[in-house]
Amino acid sequence: MTPLKSTVLAVAAAAGWMLAAAAPARADYVQPHITHPAFGRVRVVVPLTSASPAVWEFKLRNLLNGEKSAKQWHGTLQAHVVLYGGGVKMLLEPVDSSVKAAIDQLRADGVHFDICNNTLEGMNLDWHRLYGVQETDIVPSGFLQVGWLADHGWAVEAMN
């Protein structure tokens with residue numbers, strides 16, 4: 001074997017070893033458990049004020065996971081997604097198909113989507129242009145709706 005070939009093989013082997021060492025280890029998962037009584041009914045308000053599709057998808061995924069976990073752990077999740085400010089844009093047609101599918105599933109599971117009238121007026125948006133919105137989904141103020149629900153025993157998800 002030539003010195004050049006030997007060096008190339010040694011570098012390739014070292015690179016392969018480094019890549020293998022840098023690869024994330026497979027995580028060992030355990031069965032989740034709870035140390036408190038069954039979840040029962042959990043009521044959550046999810047304010048959505050961001051115009052970022054990444055935030056929308058994150059929040060929708062959290063809600064879908066919450067619904068699944070509640071069912072698995074003998075509970076129910078009741079949720080209101082309150083859209084105001086830039087969050088209203090999530091429902092502005094045309095809506096991304098994955099977002100649409102998540103919204104449809106959540107609505108089928110009983111999640112309410114509350115739309116801020118102040119935002120609609122401020123952005124000069126016709127509510128008819130919003131995906132799946134009914135007139136009864138419109139609340140006077142998204143911010144005030146979050147506060148009212150919080151005052152009536154609903155937990156408010158603070159991350160936005």
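Computed from the coordinates by the stated procedures, all read-outs in this text should not be read as laboratory data. It should be emphasised that the depicted structure is a prediction, and the values quoted were computed from it without experimental measurement.
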For region 51-160, what class follows from the C-alpha gyration tensor (a ≥ b ≥ c being the square roots of its eigenvalues): rounded when a/c is under 1.5, otherwise prolate if a/b is larger than b/c, else oblate? oblate
Listed by chain and number, the aspartates and glutamates with an alpha carbon less than 14 angstrom from that of K59, same-chain partners under 8 positions apart left out, are E67, E157
Region 46-156 - share of DSSP beta bridges that are antiparallel (%, nearest 5): 10 percent
Sequence-distant aspartates and glutamates (8 or more away, or on other chains) whose Cα lies within less than 15 Å of K71: D109
J(HN,Hα) series, region 100-111, from Karplus relation 6.51 cos²θ - 1.76 cosθ + 1.60, nearest Hz, glycine and proline x: 4, 4, 5, 4, 4, 5, 5, 4, 4, 7, x, 6
